[in-house]
Every structure is written in C-alpha cells, then in structure tokens.
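Worksheet: the structure to be examined is printed underneath.
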Amino acid sequence: MAKSLAQQIMDAHLREGRCQPSQEIGLAIDQTLTQDATGTLAALEFEALDLDRVRTQVSVSYVDHNILQNDFKNADDHRFLRSFAARYGLWFSPPGNGICHQLHMLRFGRPGATLLGSDSHTPHGGGLGMLAMGAGGLDVAAAMAGQPFYLACPQVLGVRLVGALPPWVGAKDVILEMLRRLTVKGGVGCILEYFGPGVAGLDVYQRSAITNMGAELGATASIFPSDQQARAFLEAQGRGSDYRPLAAEAGCTYDRVEEVDLSALEPLVACPSSPDAVRPAAELSGVAVEQVILGSCGGGSYRDLMILALALKGRHLAPGVELSINPGSRQALAQIASNGALADLLAAGVRLHQAGCLGCIGMSQAPATGTASLRTFPRNFPGRSGTTDDQVYLSGAQVAAATALAGHIADPRALGPYPAVPPEPALRLDSLVPPPAQGAGLEILRGPNIAPFPRLDALPADLACTVTLKVGDNITTDHIMPAGSQILPLRSNIPAISRFVFAGVDPQFAAKTQAAAPAAVVGGENYGQGSSREHAALAPRYLGVQVKIAKSFARIHRANLINFGVVPLVLADPADYGRLDEGQIIELPGLREAILAGREDLAAKLEGRPLGLRLLASPREREILAAGGMLNYIREHL
Ligand code: MIC
Ligand code: SF4
C-alpha cells in the first residue's frame, strides 16, 4: 500500500510495536532539543540515568525562554546547562542566540530525521520534512539515552493545499484557518501531513510557521514534503548536502483529508484567549490596539521580519502604539541588519529586543491593564502575557504591520502593493558551542537554584483521594503551572515552584492540596493542552495529587502525568462530570492491582456511590504508574 510521508518516516524509525491505530509504538529518535525552562529538569533526569554521553546523532541544549537575569537563579541555570552540555556531549546555544525551534531548523534540521524536543512547538521542524514532536523532559532525557520514544500510533490526516496565497495573506492565516475549522483539540492523536499543488509555492519559513502552530490543534506533529524549497533553504544555510527529496508515495490515502484553498484565504486573527477563536481581521477594526509584538518561534523568522520591514518602510507607527520586535534568531537579526531592513524598522519607530521567547512566555512585555495586544505568537491563553484579564490577539506579520500603522486591528490588504521578500542574505551567524570530544571528568556547575529531584513513592494498593479542584474544558498547562517572570526562574526547584500550581485559578490550591493529600483534580475535555512543561505534572504530584480525572487529556500532559506517577483517569460517562465537586472523596480500592492486571474499567466510588472511571494505558505505562513514575521504573529495571 502506498505510504504517506509520515508513515515512511515512522516505519524507518520503528523500534517497537506495530503501527496500528492507537497501539503503542516506540520510535528511534535521531535528534533531541531542550530549552532552559524545561531543560534543567531534563538534564537532572538524564543524569539520574547514569550514562557517560548522549546516544543520539545530535542533541542540543538551547537557552531562550528565561533570559532575564533578575538575580542569580537564571544565571545559575544557564551555567548549569552549559556545563551539563559539555559533560554529556550536547551542543549548547547560549542566551541571545535565538529560539530553539528557529535555530534548530537553521543549523540541524534534516529531512526524514526524527526530532524530539522538550517543548510543544518542536513540530516546527516538520516544515523541513522532519518528524518533529514535543514531549516532556523525561521522555526527551530517555531519548538522549538512546531509548525509543513511546506514543500511541497517530492517525495521518492529509491537508491538501490548492491555489496560492493572495497578496497580504500569509502562512499564519493557513494555520489560523485550520484552527478555525478544527479547534484546539481537532488534531489530537493525529499527524497533519500537508500535500497537494499549493505546497510548492510555500517556502520553508512559511511551512514551519504552519507546522509550529499545529501544536495549537493538539496534533502530535505536522509535516511538509522535502522538495526544491527545502533544498533552497538548506543551501542558504550552507547545508545543501543534508537535502534529500521526500514525499508521500503516489496513490497514498490518508485517514482523513482536509482541503484548504490558499487563494480563498483572507487575513485572520485569533481573538482572546484561545488560538481557535479565529475571525477575519477585516471584522475587527473596532478593536483599538496599543501594543503589537512581532516575534516568537512561529512568528519571528527572517521572512516575518522582512514582511514587517517592507510594510513599514517609509511609514511610522500610529500615535500611542508600541511595536516591539523579538527576533527569532541572532541570524535573522543579522540578516535584516545587513540588508538595511532593520534601519527601516527603527525609522518607523519599533522597539528592538534580543532574540528569544520574551513576552511570549510572559517574561516582560506585559500589556497595560484593559488594553488589547496583538502578537505574532502561537498562544494567547488567558493571563499568559503577565497581565491578568489580558486581551491578546494573534496574527501574522501582515496584520501586525497594518495594525501598528492604524492603531486598531486592520486588514493589511489596504496597505497597497504587496512587496516581495528578497532572498535571505548568506549570513550564518550564531554562537553555538559544539560538544567537546571527551566530557568525562568535566565538572557540572550547580548553583543553589538547582534543587535535587524529589523522590516519589510507588502507587499504594488502595487509594482514597479528596477532590481539591474542579475545572472546565481545554485547561492549559499555563493554568496548571503558570510561567512569567515570578515563576519561571523556579523551574529547577520543584518544592519552590509547587507553591504556584493553579495559582491563577485558586490561590489556595497548593495549601489545600498538601493538607488533603492524596488529592484528585477534575477537568473537562482536552485537559492539559498547550505547553509540554512537565512541571504541570510533577509539581502537583509533589503537593499530593495522585489522580487526575477528565473527559479527555491532551497527549503530552497525559504522558507527563504517567511519567510522574499521577493516574490519568477518564470518565466512562462524561455526564458524571456534573456529579463531581470539590471536597468529595473518590475511593479507588485495589487500584494498584487493577492497573497491573491491565483492567480498563476501575471500580471507583464517589461518596460511597459507584463512579465509572477508565484507565486507557499500555502495559508499559501501567508498570510506570505502579512504580510511582518513570525514574522509579527505570531504577527498578536497571
Ligand atoms: C510555551 O510556548 O508554552 C513554552 C513555554 O515554550 C512551553 C515550554 C515550557 O513551558 O517551558 C512549550 O511550548 O512546551
Ligand atoms: Fe518560546 Fe513562545 Fe515559542 Fe514557546 S511558543 S518556544 S515561549 S517563542
């Protein structure tokens, strides 16, 4: 049978299992990436595996999320990561170099390879024909140790692109259209594979802007074929020899096909506070905007910067509007400096920041109270900007330019002729530190911000948990474990960061849960969508959360829960959600035995009356749960 591109790459990397719907498979991982905010835990977890060196083709440790050195904490983390990389054979990318996803594609991306990253936007690399997936730090640490990456075999959803993008309509509008149609849970359990006659006209920067935000659909990965555009991109990076043509086999069929006519798209905007609340920019001209930011992994590429610069050339920002630029990479910044575009941007009145995540993860750039902010970022979850009750809109560079010039959300098609983006200057600039040939004996530098990893107990035979919080649908890991400049510096310190679990939802959560432990949290559909941060599983576990009950779970968060011994249970009858409330006791007698026996339906009781709870997990996952998490499981098996 003719195979899709995703299937070909999965087959070439299949180490365990059979690729059949919802069966667990183990895929060999060629490359890994970590970033500082998830990377310190991943590094501590890798150390716990007691190996001498990483066992991948390439592993890179990027510093891009927290680059505000307010005190020793952040600098400690960077120093730790640099010394860890040297000791264990990883490349190291220091702060200021750029955002992991942008830089990884520029320097290491290789069509047909597998990439696992401890960041949910790792699918960015799919723009270059890679099978690139996000995961929790522990799964990435295991991949660094040469272990396969385990996941439920995804379905492959074909996205057939036809036509060509009209003037002032960009790649972001393609993925916003997908979000409008499929919603933030429409891609769960799927790889989105783009194909069709519309693909050839999109360059790799446009493709990766689309695959990047496939994460917002909940998709496992998104992928484009590797063709002349991929060749041109790799040649521009001085890596033409990494090119390899790849595409779906002729006549392949997909589990489902969605068709997008690029010619019919218009400039789109995601409204507060979800990436799928999509509306045409033309309908939002009543929204006054005081802050515009161009940047992030999915919106700060050379191409994005050029579109903004060309649109702003010879014009000036509207009075009262602030337009900030967070370049995606040092290279992109150098490129617009070398071709004069940076001077046009500065003349138009923009504020220039260093390359990095910055405001996208609430590290500075918080908007003023009661004002709207429009950003080219991938996410606008409530409060993520750092301002409570924020109103964050998402768009591509075209709408961002028009909005900054107008002072309200504006349709860029009124800006006149659409300028063509010139080819990128051949400037390959970064400060990547290669791994030394030998790392043994090198010291790992640990400051006081690097707290030891907490020990977790094995699952008890029986459990009775108190529900300490009930939340609704589409709860994000930003709700569970917020980021921002107060909390992000604590990512290497679980006892300290755990005080902030659900801080924006219920400030009493940490104290209540510790007092009531063992505890349970109840959620609705798509619980734990968004970021890959394993802190959203580990920190609640540290407080005493043993069970999470939801109508459904997002992929990465579910895997993280299992990795830290929190049992992810789904309601057999979603209507039972209405019966659950804070303060109730859920009894799970014989839980451990039931889990190990492979039972799906568990005999639970809510306040003495039966409650249908279901555990959908592979035999491997069940053993991990019984052991109290993956590190215990690995220790038991060594
Ligand atoms: C995000 O965009 O939410 C983040 C911050 O990059 C996260 C990673 C993290 O929380 O450190 C992600 O996407 O996984
Ligand atoms: Fe960084 Fe934002 Fe991209 Fe996450 S989505 S990696 S915070 S730029």
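If T403 meets every condition in (1) outside any loop (DSSP other than H, G, I, E, B); (2) exposed (fewer than 14 other Cβ atoms within 10 Å of the Cβ) apart from one, which number is that one?
(2)
Could you say whether any residue in segment 313-325 is within 16 Å of ligand 2 (Cβ to nearest atom) and surrounded by fewer than 23 Cβ atoms within 10 Å (Cβ to Cβ)?
yes
List the number of the failed condition for E258; all other conditions in (1) over 19 Å from R160 (Cβ atoms); (2) not polar (S, T, N, Q); (3) not in a loop (DSSP other than H, G, I, E, B) hold.
Result: E258 fails condition (1) only.
Determine if segment 358-373 includes at least one residue that is assigned to a loop (DSSP other than H, G, I, E, B), more than 13 Å from ligand 2 (Cβ to nearest atom), closer than 22 Å to A37 by Cβ and not hydroxyl-bearing (S, T, Y).
Yes, segment 358-373 has at least one match.
Within segment 543-554, is even one residue hydroxyl-bearing (S, T, Y), away from ligand 2 (no atom under 16 Å from the Cβ) and buried (at least 24 other Cβ atoms within 10 Å of the Cβ)?
no
If you check every pair at least six apart or on different chains, which have Cβ atoms under 8 Å apart with a residue in segment 373-390 that is without any contact (Cβ under 8 Å) to a residue 60 or more places away in the chain first and a residue that is more than 15 Å from ligand 1 (Cβ to nearest atom) and aliphatic (A, V, I, L, M) second?
Once the first residue is without any contact (Cβ under 8 Å) to a residue 60 or more places away in the chain and sits in segment 373-390, its partners that are more than 15 Å from ligand 1 (Cβ to nearest atom) and aliphatic (A, V, I, L, M) give S385/A366; T387/A366; T387/A368.
Check segment 471-480 and report whether any residue there is of a type in the set (A, V, I, L, M), surrounded by fewer than 24 Cβ atoms within 10 Å (Cβ to Cβ) and free of Cβ contacts under 8 Å to residues at least 60 places away in the same chain.
Scanning segment 471-480 turns up at least one residue that is of a type in the set (A, V, I, L, M), surrounded by fewer than 24 Cβ atoms within 10 Å (Cβ to Cβ) and free of Cβ contacts under 8 Å to residues at least 60 places away in the same chain.
With the checklist (1) under 26 Å from the mean Cα position of the chain (by Cα); (2) assigned to a loop (DSSP other than H, G, I, E, B) in hand, flag the one item L294 doesn't pass.
Status for L294: all satisfied but (2).
With respect to A464, is the statement that it is touching a residue at least 24 places away in the same chain (Cβ under 8 Å) and more than 16 Å from ligand 1 (Cβ to nearest atom) true?
Taking the combined requirement at face value, the residue satisfies it.
Among I556, I562, which is the only one that is part of a helix (DSSP H, G or I), more than 16 Å from ligand 1 (Cβ to nearest atom) and within 26 Å of A143 (Cα to Cα)?
Sole residue among the options that is part of a helix (DSSP H, G or I), more than 16 Å from ligand 1 (Cβ to nearest atom) and within 26 Å of A143 (Cα to Cα): I562.
Name the pairs whose Cβ atoms lie under 6 Å apart, with the first residue in segment 346-360 and farther than 12 Å from L305 by Cβ, the second part of a loop (DSSP other than H, G, I, E, B) and hydroxyl-bearing (S, T, Y), and 6 or more positions between them or separate chains?
Close Cβ pairs satisfying both conditions: L358/S364; C360/S296.
Restricted to segment 54-75, and to residues that are within 16 Å of ligand 1 (Cβ to nearest atom) and among the charged types (D, E, K, R), which residue is modelled with the highest pLDDT?
Applying the filter and picking the extreme gives D64.
Of the residues V159, V184, only one is within 16 Å of ligand 2 (Cβ to nearest atom), farther than 21 Å from G295 by Cβ and buried (at least 22 other Cβ atoms within 10 Å of the Cβ); which? Spell out how you get there, then give the answer.
On the way: V159 fails: within 16 Å of ligand 2 (Cβ to nearest atom).
V184 is the lone residue from the list that is within 16 Å of ligand 2 (Cβ to nearest atom), farther than 21 Å from G295 by Cβ and buried (at least 22 other Cβ atoms within 10 Å of the Cβ).
Could you pull out the residue among G447, G441 that is free of Cβ contacts under 8 Å to residues at least 12 places away in the same chain, under 30 Å from L631 (Cα atoms) and part of a loop (DSSP other than H, G, I, E, B)? If you could, list the steps in order and put the result at the bottom.
Numbers: G447 fails: free of Cβ contacts under 8 Å to residues at least 12 places away in the same chain.
Testing whether each residue is free of Cβ contacts under 8 Å to residues at least 12 places away in the same chain, under 30 Å from L631 (Cα atoms) and part of a loop (DSSP other than H, G, I, E, B) leaves just G441.
Please determine whether any residue of segment 570-593 is within 21 Å of I624 (Cα to Cα), surrounded by fewer than 24 Cβ atoms within 10 Å (Cβ to Cβ), aromatic (F, W, Y) and away from ligand 2 (no atom under 16 Å from the Cβ).
So far as segment 570-593 goes, no, none of its residues is within 21 Å of I624 (Cα to Cα), surrounded by fewer than 24 Cβ atoms within 10 Å (Cβ to Cβ), aromatic (F, W, Y) and away from ligand 2 (no atom under 16 Å from the Cβ).
For the structure I just gave you, tell me whether Q331 is more than 15 Å from ligand 2 (Cβ to nearest atom) and more than 30 Å from P507 (Cβ to Cβ).
Against the criterion (more than 15 Å from ligand 2 (Cβ to nearest atom) and more than 30 Å from P507 (Cβ to Cβ)), Q331 qualifies.
Considering only residues of segment 374-389 that are more than 15 Å from the chain's Cα centre (by Cα) and surrounded by 24 or more Cβ atoms within 10 Å (Cβ to Cβ), which is farthest from ligand 2 (Cβ to nearest atom)?
Among those residues, the one meeting the criterion is L374.
Looking at segment 503-516, is at least one residue crowded, with 21+ Cβ neighbours inside 10 Å, modelled with pLDDT of 95 or more, away from ligand 1 (no atom under 16 Å from the Cβ) and among the hydroxyl-bearing types (S, T, Y)?
yes
Within segment 76-132, work out how many residues are within 16 Å of ligand 1 (Cβ to nearest atom) and closer than 26 Å to A248 by Cβ.
Looking only at that region, the number is 14.
In segment 305-325, what residues are farther than 14 Å from L374 by Cβ and under 24 Å from the mean Cα position of the chain (by Cα)?
L305
Conditions (1) within 30 Å of A496 (Cβ to Cβ); (2) out of contact with any Phe, Trp or Tyr (no Cβ under 9 Å at 6 or more places or on another chain), marked per residue:
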site: A2; (1), (2): no, yes
site: L5; (1), (2): no, no
site: E24; (1), (2): no, no
site: T34; (1), (2): yes, no
site: A43; (1), (2): yes, no
site: L49; (1), (2): yes, yes
site: D52; (1), (2): no, no
site: L81; (1), (2): yes, no
site: L116; (1), (2): yes, no
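Of the conditions (1) at pLDDT below 95; (2) within 16 Å of ligand 2 (Cβ to nearest atom); (3) of a type outside the set (F, W, Y); (4) closer than 16 Å to A145 by Cβ, L51 clears all except one; give me its number.
It fails just one condition, (2).
The values are calculated or read from the model by the stated rules, or taken from the named source; none is laboratory data. All values reported here derive from a predicted model rather than from experimental measurement. Cβ sites come from the backbone with ideal geometry, for glycine too, and all protein chains shown count toward neighbours.
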